[in-house]
Amino acid sequence: MTISATLVKELRERTGSGMMECKRALEATGGDIEAAVEKMRKEGMAKADKKAGRVAAEGAVLTRISEDGQTGLILEINCETDFVAKDASFQAFCQDVAAAALKARPADLEALLALDLGGESVDQRRRGLVAKIGENIGVRRFAFVPATGGVLASYIHGGRIGVLVALTGGDAELAKDLAMHIAASSPAYVSASDVPEEVKAKEREIIAAQTADAKKPADIIAKMVEGKLRKFLNEITLLGQPFVKNPDQTVEQLLKQAGATVTAFQRYAVGEGIEKQAGDFAAEVAAAAQAAK
């Protein structure tokens, strides 16, 4: 049967798929547009499942703060390439997920993926986007940071690093400065007291091994170990770090001067901790072009 251009156009608008893909679906379903939509969705889900094992280490980090200023959301969504990370469809998906998550406050990732996005779940929309774009896409992680009656600030650097920080006793300007500091200096904890004992013990063990050959009395070596441990703790804790806007002052000194306390922070960087696959992009393009022939 002949499939009209109007029908193809309508199916394209409903599915976001290519013209020829829409035409083939309509031909396979005898021009029944509802059946064609269902067929394409099923095929799209299958395509998405096939791509699920591919490494997605690019993407975006987003932050949002509720209208009452008392809850902050930070969210990471991944794709395979930086090119897709800038795609309008991918960006729109990220914004929609962030809005839905902040509104619903899901308890975990499974609950977030089940949230409604205009008649379909987050995961259904994700899988449909995978089929449309052709890359694996994953909602990786999210967290909420409460203001606890204080001030919340967020900072996004280049869409790849995001920070939320909560303060008591400070103001919005100080909170913003601290969010930018955290983005740049990447502390792992607020203070030394927050560092787990096993982390301290492991570092003390490493330092002891490094100083084992030092020809000094045992009490001097013990002091050296503790001194190096303090230096390590300052490097990984927010309060111990030199403030990026004034390196002569630590963040702890800055906060004391302002009469403020950091109650919580969260920092995400796109793809951190994901083992990226090394590949020859030019060879992949050449292979794809050869296959197209």
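The values are calculated or read from the model by the stated rules, or taken from the named source; none is laboratory data. Just so it is clear, the structure is predicted and the values come from calculations on it, not from any experiment. Positions of Cβ are backbone-derived with ideal geometry, glycine not excepted, and every protein chain shown enters the neighbour counts. When the accessible area is computed, the model is the full protein with side chains, heavy atoms only, and any ligands, DNA or RNA have been set aside. Shrake-Rupley method; radii C 1.70, N 1.55, O 1.52, S 1.80 Å.
Observations on the model:
- In the full protein context, the range 111-152 carries 40 Å² of accessible surface per residue, based on a 1.4 Å probe and ignoring ligands, DNA and RNA.
- What the phi angles of the range 100-113 give under the Karplus curve with 6.51, -1.76 and 1.60, with θ = phi - 60°, is a coupling list of 5, 5, 5, 6, 8, 6, x, 7, 8, 5, 4, 5, 5, 5 Hz, glycine and proline written as x.
- HN-Hα J in Hz across the range 130-147 - Karplus 6.51, -1.76, 1.60, θ = phi - 60°, x for Gly and Pro: 4, 5, 6, 7, x, 10, 5, 10, x, 8, 8, 6, 7, 8, 10, 10, x, 6
- Residue pairs exceeding 30 angstrom between C-alpha atoms, taken from K86/K256; K223/K245; K231/K256; K202/K245; K176/K223; K215/K256: K86/K256; K223/K245; K202/K245; K176/K223; K215/K256.
- The distance between label points at A107 and T168 comes to 2.7 nm (points 7 Å beyond Cα on the Cα→Cβ vector).
- Fraction of accessible area attributable to carbon and sulfur, the chain (%, probe 1.4 Å): 52 percent
- Accessible area per residue for the range 51-107 is 44 Å², calculated with a 1.4 Å probe on protein heavy atoms, without ligands, DNA or RNA.
- Put the Cα centre of the range 91-117 next to the Cα centre of the range 222-242 and the gap is 39 Å.
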